[in-house]
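Report on one structure; see the data block that follows.
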Amino acid sequence: MQGEATLTRDMAARVEASVLEAIENNRLELPTMPLVAARALAMLGRDDFSFQEIANLIETDPIVAARLLRLARSAAFAGLSRFDSILTCVTRLGSEELRLFLVETAVHHILESRDPCIAQMCRDLWRHSLAVAILSRDLATAVHALHPDGAYLGGLLHDLGRPVLASTLLDAEQRLLGTRTQRWIMPSAWLAIISGKHRSIGAAIARKWGLPESVPRLIHDSAAYDTGDRFATGNVIMLADTLTKREGIYVGPLNVEEMEGLIAQGKQLLALDDAVVEKLVNDLPNKIASRTG
């Protein structure tokens, strides 16, 4: 058993190094941000951006427009007036919420794989990523010392490298064996590689998308608690990720005892009351539903 674990770690390290080297030398095609989302984000980055211009752009993509209307009409914005146009939606959401929506749309695009081998994993991973994002923002709000929108973005992107790495491994399998696994239940070694080495890939995608350097840093930093900086945003994402796994919103193997220890450590680091945390967790299913329709 010990020998198998060592072999898996060595294999994971080799795969990670190989994939990162391929990214560095432009031999691995990383997912690009959907055109409409990328252009709208670029518009938002200008000092003289126009909501009308952004609305006109979003209206050219029926899928993005439909998702935006659904979000605007959801319980998350129930206190706002009726939304009957894309322009009304983008104006009432505001630049920050619109920016998060556009990145969310890009992530959702990646996690809608047409590959039957990883399609179910991607669907489960989308729900997990969205749940971690929502809970990260709520926990950051409860801590007060943190930026909630930054926590949301980091939570949303923290697992972005998983489907890319899974697809890369399946391609390697096809080259070596002439076939692809027709289901997502891979050998334990492959699951360990995907679970343990995806963050560097996710950070590379975030950089390719031109997101602020703080985002790929958060993807890396949310893999473990930073005990030297108790109120680091990565600690919030780490706690949200573990809580979401505990609730069964996850894909992959879980260690319940280890999770409970990580949850206790995260609460202590962030000085969060048990009752506050559990209320946010209990509210999570409704909040996920409001973002997904």
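The values are calculated or read from the model by the stated rules, or taken from the named source; none is laboratory data. Because the structure is a prediction, the values reported are computed rather than measured. Glycine gets a Cβ as well: all are built from the backbone with ideal geometry, and neighbour counts include every protein chain shown. Ligands, DNA and RNA are stripped out before the accessible areas are found, and what is left, the full protein with its side chains, is counted by its heavy atoms. Shrake-Rupley method; radii C 1.70, N 1.55, O 1.52, S 1.80 Å.
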Placing each pseudo-label 7 Å from Cα in the direction of the beta carbon, Arg123 and Glu278 end up separated by a distance in nanometres of 3.3 nm
Value of Rg to Rh for the stretch 248-293 (Rh from inverse mean 1/r over Cα pairs, i.e. Kirkwood) = 1.04
Accessible area of the stretch 207-293 belonging to carbon and sulfur atoms, whole % at 1.4 Å probe | 49 percent
Given Lys208/Lys279; Lys208/Lys267; Lys245/Lys287, which pairs have Cα atoms separated by over 28 Å?
-> Lys208/Lys279; Lys208/Lys267
